[in-house]
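Okay, structure first, notes after.
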Amino acid sequence: MRNRAFVVLIIVAFLLFIGFLAYYFNQPDPVFGNDEESIATVINSIKGYEDKSIEILEIEDLDDQRMVGFLSDHNPGFIQFQKNKNGNYLWKHIEVRNNESFSIFIIPGFQRFMIVTNNENKVAKMQVNINGQQLEQPFTPYQSNVAWVRLPETDRSDYEFRDYKYYDQDGNLLNDS
């Protein structure tokens, strides 16, 4: 009787081991944001972005962070990756602005913000007051693009953005940018 219980125990342990191996080897390989193709694959793997067309516009590495400006079905977007201990980039934040041609993305922890445009963008110049300092940024209208804007030096721990003004290529003030 003891031998039979031992044999059953060995068989159960063997079946559990085979089940574990099958589970382990059937796991999909993780996808990292290590290059343009894998970044698009990562975006398409995120819930809500599965069937979107993705166009990578620019990749910027800042310390162990990777920031990517992209278009998702022609809508401006931003995804942020964190480099892990193996040197691979894991996504940690994504934003897409629907029905916009010109979108501003504030990058937490960095003295910059990113502007992503699609080819319907009419803005040729933006002016904004940041903590009392006037900032002016030119753009190429009607072109998909990413622009990085460095925030002005300040003694304050926060930034206050006021008086946004957008101009077209003829210098006319835009109301619907």
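Any chance you could count how many residues in region 32-80 are in a helix (DSSP H, G or I) and either closer than 20 Å to residue 97 by Cβ or in contact (Cβ under 8 Å) with a residue 12 or more places away in the chain (or both)? Quick ask: steps written out before the conclusion?
Kept after step one, since they are in a helix (DSSP H, G or I), are these residues of region 32-80: 36-45.
Now narrow it down to the ones that are either closer than 20 Å to residue 97 by Cβ or in contact (Cβ under 8 Å) with a residue 12 or more places away in the chain (or both): 36, 39-40, 42-45.
Total meeting the criteria: 7.
Table: residues versus (1) surrounded by 14 or more Cβ atoms within 10 Å (Cβ to Cβ); (2) touching a His at 6+ places or on another chain (Cβ under 6 Å); (3) among the hydrophobic types (A, V, I, L, M, F, W, C).
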| position | (1), (2), (3) |
| --- | --- |
| 81 | yes, no, yes |
| 87 | no, no, no |
| 119 | no, no, no |
| 128 | yes, no, yes |
| 154 | yes, no, no |
| 162 | no, no, no |
| 172 | no, no, no |
Residue in region 17-32 that is modelled with pLDDT of 70 or more and either under 24 Å from residue 112 (Cα atoms) or of a type in the set (Lys, Arg) (or both) present: no
Residues that are free of Cβ contacts under 8 Å to residues at least 24 places away in the same chain and of a type outside the set (Ser, Thr, Tyr), drawn from region 134-147: 134, 135, 136, 137, 138
Qualifying position, being among the acidic types (Asp, Glu) and under 16 Å from the mean Cα position of the chain (by Cα), among 100, 95: 95
Residue satisfying condition, being farther than 25 Å from residue 45 by Cα, polar (S, T, N, Q) and either free of Cβ contacts under 8 Å to residues at least 12 places away in the same chain or in contact with a Gly (Cβ under 8 Å, 6 or more places away or on another chain) (or both), within set 86, 131, 119, 172: 172
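Mind checking which strands (runs of 3 or more DSSP E) fall wholly inside region 94-177 and carry at least 2 residues that are under 22 Å from residue 73 (Cβ atoms)? Show your work before the answer.
Values: elements: 102-106, 112-117, 125-130, 133-138, 145-150, 161-167.
Hits in region 94-177: 102-106, 112-117, 145-150.
The values are calculated or read from the model by the stated rules, or taken from the named source; none is laboratory data. These numbers were taken from a predicted model, which means no experiment stands behind them. Here the Cβ is made from the backbone with ideal geometry for all residues, glycine too, and neighbour counts use every protein chain on show.
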